[in-house]
1. Kirkwood hydrodynamic radius of region 15-152 from all distinct Cα pairs, in Å?
2. If the chain between residue 187 and residue 6 were fully stretched, how many nm would it gain, using 0.36 nm times the residue separation less the Cα-Cα distance?
3. Under 4 °C and 1.567 mPa s, how fast does region 215-371 diffuse according to Stokes-Einstein, given a Kirkwood radius computed over C-alpha pairs? Answer in µm²/s, whole number.
4. Quick one: Debye curve from the C-alpha atoms of region 115-187, no solvent, what's log10 I(q)/I(0) at q = 0.14, 0.21, 0.23 Å⁻¹?
5. Based on the alpha carbons, how large is the Rg to Rh ratio for region 264-340 when Rh follows Kirkwood?
6. Need one number: convex hull volume per residue for region 358-431, Cα atoms only, in Å³.
7. With each pseudo-label sitting 7 Å past Cα toward Cβ, what's the residue 279-residue 356 distance in nm, one decimal?
8. So for region 2-42, Kirkwood radius off the Cα pairs, Stokes-Einstein at 4 °C and 1.567 mPa s: how many µm² s⁻¹?
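The numbers here are math on the coordinates, done by the rules we state, and not lab data. Note that the structure is a prediction, hence the values are computed from the model and not measured. Glycine gets a Cβ as well: all are built from the backbone with ideal geometry, and neighbour counts include every protein chain shown.
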Amino acid sequence: ISAAQSQTTLESKLEALQCHFTWDLESSRPIPLRLKDHLEDIGTEEGNSWLGHIYNLRGFIQYKLGFTEDAQSFFNKAAEAFRRIRNADEGPWLVVNYGNLAWLHHHLGDQAESQAYLSKVDALMNKYPSPSQDQLHPEIYAEKAWTLMTFSTDKTLAVDYFQRAIRMQPDMVEWNTSYVLGLVDAFKYSDTGLEADLLKKMRMAKEQDPENLYLAVLYLQQCAKKGERIEDEARELARKVLRNPVSSYSGIRPLLGVYVNHVSIDEAINLAKEALEKHPDERYLKKCLAYCYKWKIFRERQRQSMIDRAISLHEEVISLYPYSSFVKEINLAKIYSKFNYSQDKAEQIYQELLERDLEPADKQMLYSIYAKHVFFSQQDDEGSLRYHMKVAEIPLKSIYRENSITTLEKHKNRSPMCREIEKFLANLQEP
Ligand SMILES: *[C@@H]1O[C@H](CO)[C@@H](O)[C@H](O)[C@H]1NC(C)=O
Ligand SMILES: *[C@@H]1O[C@H](CO)[C@@H](O)[C@H](O)[C@H]1NC(C)=O
């Protein structure tokens, strides 16, 4: 066969692999850089049963960001982690990892090495066929599910893949737990709490996987939403969470949410401080403490020393999260403007954000918040309405867009800009 032909065969084999490079992870939008910050916060402590999956995803992200050497080393760490966690040198869980390595070497121009990994994948697939003929191997479904859960905002596909994996291989506790976490996430914005059926699923998963404090905290949160008294249990959980390694999956962040909303904000602050005292360099815990300070200031009247502390902590956290500090920056601008009366500082932050290249959803949120800022802090009605128009123009259904359209409707008849607004609304397309 000619070189060109063998190249084509290689490429079609690569396309047929099951791995991050073929899962269409960039179909709806480019890889959001904030995912890098987010993945780093999950941590890489031993004992996390998803460690292999975490490294695989980190490797893929690093490749996409242009750090190919890091990518290789993360993929190697993934294989190592699987070996330790599954206590075996090989198994079907390596199919995705080898697939990633085949792609990486192909991109690096090393076709022989790429071919070698393709052969390894073939060998694995022959040795460990899926228990169900027209389905992928459950290990592959589980990894794809975990990846989508971490990656995309819509969790329905992830939930479906977990379900398939569990049906074929029901003995993996962490798959069951993650399946339930996916379901919960899909309903997280419900104020009334989750359906009885889902609560039951949570309770059962909690019994099967008592070590998973993240799940325990989410369950507690649901009990609190239903009006149950949960203070003592929250404090008990806090003791356990503090003993766990720092990770965005340790449960501390949702637990602080439970404290803020159902126990007390001061206790939340103390809990975050205690965690930070044990691990003074963990940016994740600084972020958690900043969250508590924000609510302290927004919900309760504050002394200047608290405001100063909140401002300096927010500034530090923003510098520690180069790719994902957008919401914190907005919060900082609000604190400056509403609580420290430093309008110049607030304006400076907003201007910088307005110039930044943001995703449409973030842009819409920013315009909406800035529209209110211009109205309340600068008493500039016309300027504010122009930002409401910018919100509405972005073709994304959201609460921000609804609010802006309502505001514009209200001013349709009584603003000096009424003709312009009327024309704008008449031409507005539904997204
Ligand atoms: C996982 O869930 C399935 C389906 O609900 C169940 O049959 C199985 O016993 C669970 N496995 C574990 C280890 O909890
Ligand atoms: C907050 O406001 C006070 C009083 O106006 C001012 O002295 C201080 O510099 C402001 N804080 C920051 C961080 O800008």
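1. Working: mean 1/r = 0.0660 Å⁻¹.
With all distinct Cα pairs of region 15-152 included, I get 15.2 Å.
2. 60.3 nm
3. Working: Rh = 16.7 Å.
In µm²/s, the coefficient rounds to 78.
4. After summing over all Cα pairs, the log10 values are -0.47, -0.86, -0.95.
5. With Rg and the Kirkwood Rh in hand, the quotient comes to 0.95.
6. Values: hull volume 5.6 nm³, N = 74.
Taking the convex hull of the Cα positions in region 358-431, it is 76 Å³ per residue.
7. 2.4
8. Reported coefficient: 102 µm²/s.
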